1. What does DSSP give for the chain in terms of the percent of beta bridges that are antiparallel, rounded to the nearest 5?
2. Tell me, what is the per residue accessible area of the stretch 112-220 in Å², probe radius 1.4 Å?
3. Say the dipole of the chain comes from +1 at the beta carbon of Lys and Arg and -1 at that of Asp and Glu; which of Pro116, Gln85, Thr14 then lies farthest toward its positive end?
4. Net charge near Gly88, counting Lys/Arg +1 and Asp/Glu -1 over other residues with Cβ under 9 Å of its Cβ?
5. For the chain, what does the relative contact order come out to in percent, with C-alpha contacts under 8 Å and a separation of six or more?
6. Which sequence of Ile152, Ile9, Ile46 reflects their accessible areas, 1.4 Å probe, from the largest down?
7. Please tell me the relative contact order of the stretch 112-220 in percent, rounded to the nearest whole number, where contacts are Cα pairs under 8 Å and at least six residues apart.
8. Distance between Cα centroids, the stretch 156-219 to the stretch 53-74: provide it in whole Å.
Amino acid sequence: MQHQHQVLIVGGGTAGITVAARLLRARPDLDVAVVEPSERHYYQPIWTLVGAGAVPREASVRDESEVMPPGVTWIHDAVAAFEPQANGVVLTNGDRVEYEYLVVAAGIQLDWDAIPGLAGSVGRGGVCSNYSFETVNSTWEAIRTFRGGTAIFTQPNTPVKCGGAPQKIMYLAADYFRRHGLANKTRIIFGSASGNIFSVEKYARTLGSGHIQRHGMSALPLTTLGGVAP
Ligand SMILES: Cc1cc2nc3c(=O)[nH]c(=O)nc-3n(C[C@H](O)[C@H](O)[C@H](O)COP(=O)(O)OP(=O)(O)OC[C@H]3O[C@@H](n4cnc5c(N)ncnc54)[C@H](O)[C@@H]3O)c2cc1C
């Protein structure tokens, strides 16, 4: 089957939904369609607070239909191929959708396999990540059950959903350890692939001016997690 829309947005996550809403606010007459296979929408920034035990992870989930702006055609499918020369995409069900304008907002794909041993261990045994709905509860579990020792926070050498996320959860964890009398028994290490503490100069200045050390943490710049032993 063949469909046609003026504006086609691939991905109904935060970016796709926001673009659709803003376009229709400015031009209510536009014919906008969003291709999104998932019935669920995740508000991912709140996963930092989920990992810190401040809110339940269910607070991050909405039905996709609740966030789809009125007036948008929601195509419940995924794009399998792009055909830019023909201004079209092919869906996984074989249908084609043609567009005048295309917005690609398909997010970022997690690749646990890029780090040897990680795929088999993330989400349990003290190995945790705030980068997915499936694993975010394991962060709070690790913090809550930590009794002292070494806590390692890492930032990889790949693009990530949020560059601040590894440090945000580190500061929240450090605060929890301090409030629970664990600070003296705890060594916190921040291993980052980047040479800078933060990519935005304004924040890098503050964070780099002894902030990490004052809180008893050690920063290891240009350090990438090479693997996780079982
Ligand atoms: C722990 C954490 C903390 C964060 N904190 C902040 C913060 O403080 N401030 C901030 O600005 N940002 C923050 N972020 C980043 C922010 O959440 C993301 O940048 C944002 O969610 C990305 O939105 P997106 O729409 O690009 O991707 P997503 O929300 O991931 O959506 C992508 C969508 O595309 C769909 N899709 C994928 N493939 C296809 C396909 N082939 N066809 C059709 N659809 C497809 C998916 O189903 C998904 O719904 C944080 C992220 C995390 C994980």
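1. 30
2. That works out to 56 Å² per residue.
3. Positive-end residue among those listed: Pro116.
4. On the way: positive: Arg96; negative: Glu83, Glu98.
Taking every other residue near Gly88 into account, the sum is -1.
5. Dividing the mean separation by the residue count of the chain yields 19 percent.
6. Per-residue accessible area, sorted high to low, gives Ile152, Ile46, Ile9.
7. 21
8. The stretch 156-219 and the stretch 53-74 have Cα centres spaced 30 Å from each other.
The values are calculated or read from the model by the stated rules, or taken from the named source; none is laboratory data. Just so it is clear, the model here is predicted, and its values are computed rather than measured. Neighbour counts run over all protein chains shown; Cβ positions are idealised from the backbone, glycine included. When the accessible area is computed, the model is the full protein with side chains, heavy atoms only, and any ligands, DNA or RNA have been set aside. Shrake-Rupley method; radii C 1.70, N 1.55, O 1.52, S 1.80 Å.
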